[in-house]
């Protein structure tokens, strides 16, 4: 074997979770072509691959691989497990929806697994071109999944809008990488940090390049003003996929954004970065909740709610450093449970992508579907940050971080935005239990997998709210030293 092309076994072993996900997705796609009779087993097989990847992650060694292009650490492992949690919930909720929509096919779990593999690589990347390749890997899968409901005009529109906006933003990232490489001579994060510390490069071009790179991940997080795609895509895409889309890409993008903000804020060009992040946080929190307040479609409401939640997530980044990792990790785990859980329930109560998803249509259904009603209520209460739920713990740590770093105004704005959001989420609970039923459900038949996913999300939100030390201690054990 040519030693120039030999890959060390240790490097391949470090990518075992991603390789497992990729191989499983490839096998599923081949089975779709050659053994379509096995379709009912495809999604369970994808779920098994996800669980296997999580098991491989828990036993992986720490350290760099592929000459430092990717790294493994307790922190990357924690965020990767959060992505796989969202992947598992999205896959659990999928079979019933796909059967009702006559879309049961191997492409769906295969695309989800490829997307998860790209997200895991993104979390572990320490070099900008690797970041770009990982971003494109999962983005292409997301575009296809958004338009997966082939007979739905809304789904086709969602896929097209997401593709056009995503391709546009990818060009921002690539141009930003080119500028940073031209000014620093490196695409590695540590190399860029060293060049910035030495004062190399034009400050103007460095600032432009860093803003372009950050913009790409602000788009994936649907922060204002990069949020316009989210309501239409969430509304038109298959709901089980939105349970994944609304959480997993945001987890990975948040990791990258924390690294980038920390890198640039500590450099000579980073004097105004905390102010920019604070502005994004304030605008996203207020705009997201105010727009959610006037929505009548529950998927659009949850889309704008996601904008607001990413605004809360930006609060720790306004004072970047290693201390920001704890509130970010805790918040994202809580958000994965409550938001994915909400979309899982929505996927069962609104079976067709062609339909509207009116909040008023839930009137009285809390009594007709008691288990789903309780799960949706818990998720709404957690999204509102009401104790005793994981959402409350996440917001508490975010606001506490702001206060501890002399940014009381951010905590106050966040609390005010949270009070607005309580009206948004409790309106759903009000419809479920305090309004008479106005229409009998059509073709609503909750499936076992979807109910399991909903119960796991709701129970996880309650358990981590009642015993927050379980989550906080795990997060602290994953933090970088120093």
State yes or no: is residue 416 closer than 19 Å to residue 315 by Cβ, in a helix (DSSP H, G or I) and more than 23 Å from the chain's Cα centre (by Cα)? yes
For residue 398, are the conditions met, namely being in a helix (DSSP H, G or I), in contact (Cβ under 8 Å) with a residue 24 or more places away in the chain and crowded, with 24+ Cβ neighbours inside 10 Å? yes
Tell me whether the range 91-107 contains one or more residues that are assigned to a loop (DSSP other than H, G, I, E, B), at pLDDT 85 or above and at negative phi. yes
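Every residue, every condition in (1) modelled with pLDDT of 90 or more; (2) over 30 Å from residue 64 (Cα atoms); (3) part of a loop (DSSP other than H, G, I, E, B), yes or no:
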{"site": "1", "(1), (2), (3)": "no, no, yes"}
{"site": "4", "(1), (2), (3)": "no, no, no"}
{"site": "7", "(1), (2), (3)": "no, no, yes"}
{"site": "18", "(1), (2), (3)": "no, no, no"}
{"site": "23", "(1), (2), (3)": "yes, no, no"}
{"site": "26", "(1), (2), (3)": "yes, no, no"}
{"site": "38", "(1), (2), (3)": "no, yes, no"}
{"site": "43", "(1), (2), (3)": "no, yes, no"}
Which condition does residue 325 not pass, out of (1) within 17 Å of the chain's Cα centre (by Cα); (2) surrounded by 24 or more Cβ atoms within 10 Å (Cβ to Cβ), if it passes all the others? (2)
So, of the residues in the range 100-138 that are farther than 17 Å from residue 248 by Cα and in contact with a strand residue (DSSP E or B) (Cβ under 8 Å, 6 or more places away or on another chain), which turns out to be surrounded by the most Cβ atoms within 10 Å (Cβ to Cβ)? 128
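So that you can scan it fast, the table gives a plain yes or no per residue for (1) touching a helix residue (DSSP H, G or I) at 6+ places or on another chain (Cβ under 6 Å); (2) surrounded by fewer than 24 Cβ atoms within 10 Å (Cβ to Cβ):
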site: 286; (1), (2): yes, yes
site: 298; (1), (2): yes, no
site: 308; (1), (2): yes, no
site: 312; (1), (2): yes, no
site: 319; (1), (2): no, yes
Scan the range 375-386 and tell me whether some residue there is at negative phi, more than 23 Å from the chain's Cα centre (by Cα) and either in contact (Cβ under 8 Å) with a residue 60 or more places away in the chain or surrounded by fewer than 23 Cβ atoms within 10 Å (Cβ to Cβ) (or both). no
Filter the range 46-61 for residues that are farther than 12 Å from residue 20 by Cβ and assigned to a helix (DSSP H, G or I); which is modelled with the highest pLDDT? 47
Condition met for residue 422 (out of contact with any strand residue (DSSP E or B) (no Cβ under 8 Å at 6 or more places or on another chain), without any contact (Cβ under 8 Å) to a residue 40 or more places away in the chain, assigned to a helix (DSSP H, G or I) and within 28 Å of residue 87 (Cα to Cα)): yes
Residue that is surrounded by the fewest Cβ atoms within 10 Å (Cβ to Cβ), among those in the range 199-210 that are touching a helix residue (DSSP H, G or I) at 6+ places or on another chain (Cβ under 7 Å) and in a helix (DSSP H, G or I): 205
Sole residue being surrounded by 24 or more Cβ atoms within 10 Å (Cβ to Cβ) and over 13 Å from the mean Cα position of the chain (by Cα), chosen from 229, 273: 273
Somewhere in the range 178-198, is a residue touching a residue at least 40 places away in the same chain (Cβ under 8 Å), over 24 Å from residue 76 (Cα atoms) and part of a loop (DSSP other than H, G, I, E, B)? no
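Here's the yes/no breakdown for (1) free of Cβ contacts under 8 Å to residues at least 60 places away in the same chain; (2) more than 16 Å from residue 459 (Cβ to Cβ); (3) over 19 Å from the mean Cα position of the chain (by Cα):
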residue: 340; (1), (2), (3): no, no, no
residue: 360; (1), (2), (3): no, yes, yes
residue: 369; (1), (2), (3): no, yes, yes
residue: 372; (1), (2), (3): no, no, yes
residue: 391; (1), (2), (3): no, no, no
First in the range 206-226 and over 23 Å from residue 194 (Cα atoms), second anywhere and outside any helix (DSSP H, G or I), Cβ under 6 Å, 6 or more apart: 218/226; 219/226
Could you say which residue among 141, 146, 167 is under 28 Å from residue 41 (Cα atoms) and at pLDDT below 85? 146
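The values are calculated or read from the model by the stated rules, or taken from the named source; none is laboratory data. Here the structure is a predicted model, which means the values were calculated and not measured. Quick reminder, even Gly has a Cβ in these numbers, built from the backbone with ideal geometry, and neighbours come from all protein chains shown.
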